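Contents: one structure, followed by commentary.
The values are calculated or read from the model by the stated rules, or taken from the named source; none is laboratory data. Note that the coordinates shown come from a computational prediction; the quantities given were computed from them, not determined experimentally. Cβ coordinates were reconstructed from backbone atoms using ideal geometry, including for glycine residues, and neighbour counts include every protein chain displayed. We work out accessible area using only protein heavy atoms, side chains counted, and drop any ligands, DNA or RNA first. Shrake-Rupley method; radii C 1.70, N 1.55, O 1.52, S 1.80 Å.
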Amino acid sequence: YKTGEGIHPDLFAQFPLAEEAVAALGIVVWPMVEFEADDALATAALRLETDPTVDQVVICSPDKDLAQLVSKDRIVCWDRRRDIVYDEPAVLKKYGVAPRSIPDWLALVGDAADGIPGVPAWGAKSAATVLTKYQHLEAIPAELESWEVTVRGARRLHENFIAHREQAFLYRQLTRLRSDVPLTESLSELAWRGPRTGFAQLCEKLGVNELPARLPSQG
C-alpha cells in the first residue's frame, strides 16, 4: 500500500526537481518519507485551527479523505477546478455523512485513488444511510435484526460487512489521517515572502524565462 512501486522511472525522476522548484518559489516544502503528504496537511490544519490569529484554514484539494478534516467553517476544503468550497454542510450533502464519519464511509465504499477496495456490495448511498445512524463501524450492530435503519439489500450488506469486518477496520485505519507529523515551522515561517535567490536561474535552466515576471507581488 502506497509503496511507490509501479511509478514510471521518468515520472519518479521528476520528484526531486519538483521539490527544488517549489522551494525556489519560496514555498515551504514538506518532503514526506515516513508519513503521507495528507498526514502533513492534516497535522498543519488541525494545529492552525486552534490558532486565534488564523481566520480560516483552506485545504486546496478535492481528495475525499481530506474531507474528514472539515470543521464547521474553521477548516474547509476547496476544489479549485470546480471552485466549490466544502464546509460541514457541503460535506454532508456530497457524501451523506458528517466529516467525522468519512474514514468509515471510505472503508465501506472504497477509494480507488488510494487503493482502498471497500466492502463488496456497499455503495455510497447504503454506507451513508447506515453511518448516518451509527457514525462509526464499531457501532454497526453485529446482528441484522438489531439494525435500526432501512436500506436496500440489507441482508447482503450485513453478510458482507461481517465477512469483511477486519478488512473494513484496516481500511479505516489507512484512510484516517494522522496529526502527529513533526512539522517545525511556525505560522510566520509558512508565509510566502517571494521567490528565493536562484529562482530566476532555475527558470532559465528549465526554459521558462517568462515565469518570474508572472509572479504576484510579494505578500
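Convex hull volume of the Cα atoms of the range 47-175, normalised per residue: 112 Å³.
For the chain, the residue among Leu46, Gly26, Gln56 whose Cα projects farthest onto the positive side of the dipole built from Cβ charges is Gln56. What are the lysines whose alpha-carbon lies under 20 Å from the alpha-carbon of Lys64, with same-chain residues fewer than 8 places away excluded? Output for Lys64: Lys2, Lys72, Lys93, Lys94, Lys125.
Quick one: net charge around Tyr95, please, counting Lys, Arg +1 and Asp, Glu -1 for every other residue with C-beta under 14 Å from its C-beta. Charge balance in the 14 Å sphere: -2. On full extension, the segment bounded by Ala191 and Glu49 gains 49.5 nm, given 0.36 nm per residue less the C-alpha separation.
Using C-alpha pairs below 8 Å separated by at least 6 residues, the relative contact order for the chain is 22 percent. Surface exposure of the chain, expressed per residue as accessible area with a 1.4 Å probe, stands at 62 Å².
Here the range 19-34 is scanned for amide nitrogen atoms under 20 Å from the site 7 Å beyond the Cα of Lys205 along Cα-to-Cβ, giving 19-31.
Heavy-atom surface analysis with a 1.4 Å probe gives the chain a carbon and sulfur content of 53 percent of its accessible area.
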